[in-house]
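Down below is the structure, laid out as structure tokens.
The values are calculated or read from the model by the stated rules, or taken from the named source; none is laboratory data. This one's a predicted model, so the numbers in the text were calculated from it and none came from an experiment. Ideal geometry is used to build each Cβ from the backbone, glycine not excepted, and the neighbour counts take in all protein chains shown.
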Amino acid sequence: RPLPLLCVSLGLLLLFFLALATSRASAAEEAGNGELLCRFGAGVYRDLPATDFDLAALRVGWIVNFTASETPTVPAGMTYAPLVDLRQVGEDDYAPKGPALDAAIAANPGADWLLGTEPDRPYLLYAMEPAVYAHAYHDLYAYIRARDPEAHIFPAGIVQPTPLRLQYLDLVLEAYQARYGVPLPADGWSIHNFMLNERSCAVYPDDCWGAEIPPGVDADEGLRATPVDSIDVERFVAQLYAFRRWMVERGYTNQPLYISEYGMLMPPDLPPGFPPPVVSEFMTRTFAAMATEADPELGYAPDGGRLVQRFAWYATVEPYFNGGLWASTNYTNPLSPPYVLTPIGAAYRDYTAGLPATTDLASLELAGTDAGSPGAAGPLTVALTATVSNSGSRAATTTASVRFYVALPGGGALQLGDPQTIALSGCGATAVVTATTTLPTPAALQGLPVYVEVTSAGHPDIDPTNNRAGPWLLPGPRVYLPAIRGSP
């Protein structure tokens, strides 16, 4: 009877391979099928075409190219953050001025704008006194928002959030308040997060490598660091907490935070050595920290309380420092294609390959107002406002449905108006949803709770427990009691 046995064996073998294929398909689906991840980004070296690099293979969700491009080359599905390369001109002026940005503003509607880069680093082109930076920020914030009300404006990224550089930012805030009479407005903050030595070259000419002393700050030294501190993950995370605490204490609670540049600047052969395995370990450990570190008091509530919403590794290609994700095969011009992935780039690719692309919708808050009519039997009009968010990791938008309803005694529900459809990407994107409805017989609903609920109409929601917010209690009908005035 060998034939039936062979058939059974082949059948079992076929079932095994089918199960294996199904398991692999499920694993691929769980890992997001290569979908782009909104948190993970890359700095594109000096406005090189981003399309020269296979950023999608790394699942990069956003890029910054250290300029404000009028025709940015952005790979499909990725977000581009234009950066104004501000610099000081004279004692109290700056460049570029607003009109120079007109084409870039028109080309990047609704973008996250970064106004400057490292104005706290002296002796470089972008160094700016605190008062001059405050002046430039004021003008460009108003200029960009006037032409694109949907734009989001972020102050320039300082080199690192050390006490010395937080003092520089305090001087910027003080100068802004003194000159314009109001606090500096910001839609979010961006910083760089290096760990470099802070010593004055005028005082310590033989030991002033690193970030030096910020303009306008009266100090000879700040952070004392050695090259090996550049891979200190614990210090890296501590600086994130320090900056988030600074934000809260200065009135910038519950705003997004981007790490718009960080990486490894130390040469590979600098003692004790920064070869690709060392850099890759630092990179992936900081990836994990920034994607997960959260604090309910300091973090961004729409993103699950995470400290950081987006981060960008420096850089796609870097001919002078360490950390490049690609390297040119053209030995006469290290900034020309074709490019090949470096071991560090391969580590980036391998790390993100196993990450799921998630959707996590949440209803954050619900508020309501009412305009009752005189008389106990009159109708009642209520206006409802809800804020919903998506703290998932998926760069693409998720379609969702938002509905308001009254929870009735006994477990039923009375829907208020029609459900509304929205689309939200991850990393703490928010939407404000409103509804106005009139209740013809409010007396029957007096005191009952109103809720808002958001549900995914596409991708699975990894945590449905946070989809509802409320209650807001329905008021009763208004009773009009006239006051009669007369002679005593």
**Q.** Pair list, Cβ < 8 Å and 6+ apart or interchain, from the stretch 44-68 residues that are assigned by TED's automatic domain parsing to the domain that holds residue 151 to residues that are of a type in the set (Asp, Glu) and part of a helix (DSSP H, G or I)
**A.** 65/47; 66/47; 67/47
Q.
Can you confirm whether residue 190 is in contact with a strand residue (DSSP E or B) (Cβ under 7 Å, 6 or more places away or on another chain), assigned by TED's automatic domain parsing to the domain that holds residue 119, within 18 Å of residue 116 (Cβ to Cβ) and not aliphatic (A, V, I, L, M)?
A. yes
Q.
Looking at the stretch 225-254 only, could you name the residues that are in a loop (DSSP other than H, G, I, E, B) and crowded, with 19+ Cβ neighbours inside 10 Å?
A. 225, 252
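Which fully enclosed strands (runs of 3 or more DSSP E) of the stretch 321-394 have 2 or more residues being hydroxyl-bearing (Ser, Thr, Tyr)?
Counting at least 2 such residues, we get 361-372, 380-390.
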Q: Report yes if some residue within the stretch 374-387 is under 22 Å from the mean Cα position of the chain (by Cα) and closer than 30 Å to residue 37 by Cα; otherwise report no.
A: yes
Q.
I'd like to know if the stretch 194-206 contains one or more residues that are in contact (Cβ under 8 Å) with a residue 24 or more places away in the chain, assigned by TED's automatic domain parsing to the domain that holds residue 150 and small (Gly, Ala, Ser).
A. no
Q: Working carefully through the options 179, 165, find the one that is outside any loop (DSSP other than H, G, I, E, B) and under 24 Å from the mean Cα position of the chain (by Cα).
A: 165
Q | Condition met for residue 299 (more than 12 Å from residue 244 (Cα to Cα), crowded, with 16+ Cβ neighbours inside 10 Å and not hydrophobic (A, V, I, L, M, F, W, C)) | A | no
Q: Identify the residue in the stretch 110-135 that is surrounded by fewer than 24 Cβ atoms within 10 Å (Cβ to Cβ), among the small types (Gly, Ala, Ser) and in contact with a Phe, Trp or Tyr (Cβ under 8 Å, 6 or more places away or on another chain) and, among all such residues, is farthest from residue 199 (Cα to Cα).
A: 111
Q | Unique residue being in contact with a Leu (Cβ under 7 Å, 6 or more places away or on another chain), farther than 30 Å from residue 78 by Cβ and assigned to a loop (DSSP other than H, G, I, E, B) when the list is 410, 447 | A | 447
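Quick one: which residue in 19, 57 is of a type in the set (Gly, Ala, Ser) and at pLDDT 95 or above?
Every option except 57 fails the conditions.
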Q) Taking the stretch 79-109 as the search range and keeping residues that are within 18 Å of the chain's Cα centre (by Cα) and over 17 Å from residue 261 (Cβ atoms), which one is surrounded by the most Cβ atoms within 10 Å (Cβ to Cβ)? A) 108
